[in-house]
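The values are calculated or read from the model by the stated rules, or taken from the named source; none is laboratory data. Everything numeric in this text was worked out from a predicted model, so none of it was measured. When the accessible area is computed, the model is the full protein with side chains, heavy atoms only, and any ligands, DNA or RNA have been set aside. Shrake-Rupley method; radii C 1.70, N 1.55, O 1.52, S 1.80 Å.
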Amino acid sequence: MHTTFDFHGYRVVVAGGSRGIGRSIALAFAEAGAAVSVCARGAAALVDARDAIAAHGGTAHTQSCDLADVRAIEGYVHDAAAALGGIDVLVNNATGYGFHDDDDGWNAGFQVDLMAAVRASRFALPYLKASPHASILHTSSIAAFHPRRNGAPYAAVKAALSHYTTSQALALAESRIRVNAIAPGSIEFPDGLWDRRRREEPDVWRATLAKIPFGRFGRPEEIAHAALFLASPYAGWITGQTLCVDGGQGLMG
Ligand code: NAP
């Protein structure tokens with residue numbers, strides 16, 4: 001889809017952007033003219049993401065980084081800012097997908113979904129303060145708004161991330177930095193969570209599909225379009241919000 005947004009001159013960092021929703025967000029910003037940096041752990045997907053970003057003609061920077069490691073985050077954010085010449089938009093997109101209600105599940109969610117967003121924001125702050133159109137986007141989930149029998153850690157850390165979005169927006173307003181979150185519904189793409197569940201847990205996949213009033217899973221591009229809007233001047237008076245992008249899935253409880 002040809003984008004109507006113009007991000008020429010913007011420098012965009014996507015933390016956790018080599019696959020799925022993060023990759024779509026990175027490519028959407030690149031297509032709209034931005035210089036884009038992406039980090040993830042896996043090298044192969046990063047190479048592919050860098051080639052896809054560079055194909056749009058702008059600066060493409062990728063770096064391996066484990067967002068569960070505070071020193072690695074610090075190094076990545078500074079390296080990305082150096083490669084792009086600053087940071088205008090920070091997208092905190094990674095997840096540990098902590099579905100199991102055990103210490104590993106809680107730690108994965110706490111470190112990757114929540115603390116990585118807190119830490120990347122902290123390290124990016126000096127660059128964002130120097131930007132004339134700074135914003136932070138967090139990827140939350142509609143899981144943040146509903147109790148669930150399975151996946152309590154995931155839902156709880158996403159709820160914390162959405163609440164942090166409000167406090168962070170308030171704290172950064174005086175620096176003219178907007179902070180928002182996107183809460184996707186269930187998004188399907190090759191080798192992603194819902195593609196795997198379709199193959200491995202077809203009952204769960206079918207039950208979830210039945211709860212999406214539009215009758216299909218969402219697509220990563222539909223989250224990317226919301227990210228472009230929230231980072232754009234069209235959303236210049238929007239801060240501290242979590243925008244559900246879910247085809248009405250959240251309305252079904
Ligand atoms: P995904 O397919 O698992 O991709 C996650 C991306 O983050 C990958 O690039 C991954 O690369 C990177 N990543 C994961 N852990 C990392 C770490 N410790 N350090 C650095 N990079 C890391 O995820 P997704 O399904 O696209 O979801 C993206 C976001 O949307 C997440 O925050 C998720 O909670 C949220 N969300 C997704 C859905 C959905 O249905 N898919 C629904 C609601 C919300 P590596 O693994 O190589 O590091």
Item checked: Calculated log₁₀ intensity ratio I(q)/I(0) where the Debye formula runs over C-alpha points of the stretch 100-206, q = 0.18 Å⁻¹ -> -0.94
Next item on the list: Pull up all non-local amide H partners of Thr62: gap of 5 or more, or a different chain, and H-to-H distance under 5 Å with H placed in the peptide plane.
Entry: Val38
Notebook entry, point to check: What's the angle, to the nearest 10 degrees (0 to 90), between helix 220-231's Cα axis and the longest principal axis of the chain?
Noted result: 40
Checklist line | Span per principal axis, largest first, for the Cα atoms of the stretch 165-234 (Å) | finding: 49, 24, 22
Margin query: Please report the carbon-and-sulfur percent of the accessible area for the chain; probe 1.4 Å, protein heavy atoms only, DNA, RNA and ligands left out.
Written below: 55
Item checked: Residues of the chain: accessible area per residue with a 1.4 Å probe, Å² -> 46
Checklist line | Whole-angstrom Cα spans of the stretch 133-180 along principal axes, big to small | finding: 40, 15, 12
Checklist line | Estimated vicinal HN-Hα couplings, Hz - the stretch 242-253 in sequence order (Karplus 6.51, -1.76, 1.60; Gly, Pro = x) | finding: 10, 9, 6, 10, 8, x, x, 4, x, 5, 8, x
Check: What is the distance in Å between the Cα centres of the stretch 1-33 and the stretch 76-101?
Finding: 13
Check: the stretch 94-159: percent of C-alpha pairs farther apart than 15 Å?
Finding: 53
Item checked: Value of relative contact order over the stretch 103-253, rounded to a whole percent, pairs C-alpha under 8 Å and six or more apart -> 27
Check: How much length is gained if the chain between Leu209 and Arg71 is pulled fully straight, taking 0.36 nm per residue apart and subtracting their Cα-Cα distance, in nm to one decimal?
Finding: 45.7 nm
Next item on the list: Go through the stretch 135-152 residue by residue and turn each phi into a ³J(HN,Hα) via Karplus (6.51, -1.76, 1.60, θ = phi - 60°); whole Hz please, and just put x for glycine and proline.
Entry: 8, 10, 10, 10, 9, 8, 6, 5, 4, 4, 9, 9, x, 9, 5, 10, x, 4
Next item on the list: Report, in degrees rounded to the nearest 10, the 0 to 90 angle that the Cα long axis of helix 70-84 makes with the longest principal axis of the chain.
Entry: 50
Next item on the list: Report the far tail of the P(r) of the stretch 1-115, meaning the percent of Cα-Cα pairs longer than 16 Å.
Entry: 57
Item checked: Karplus 3J(HN,Hα) series, Hz, for the stretch 25-34 with 6.51 cos²θ - 1.76 cosθ + 1.60 (x for Gly, Pro) -> 5, 4, 5, 5, 5, 5, 4, 7, x, 7
Next item on the list: Report the semi-axes of the equivalent ellipsoid for the chain in whole Å, largest first, where each axis is √(5λ) for an eigenvalue λ of the Cα gyration tensor.
Entry: 27, 19, 19
Note to self: Ignoring everything except DSSP H segments at least 4 long, calculate the 222 nm mean residue ellipticity for the chain; use -39,500 (n - 2.57) per segment, divide by total residues, nearest 500.
What the structure shows: -13500 deg cm²/dmol
Check: So what's the angle, to the nearest 10 degrees on a 0 to 90 scale, between helix 116-129 and the longest Cα principal axis of the chain?
Finding: 30
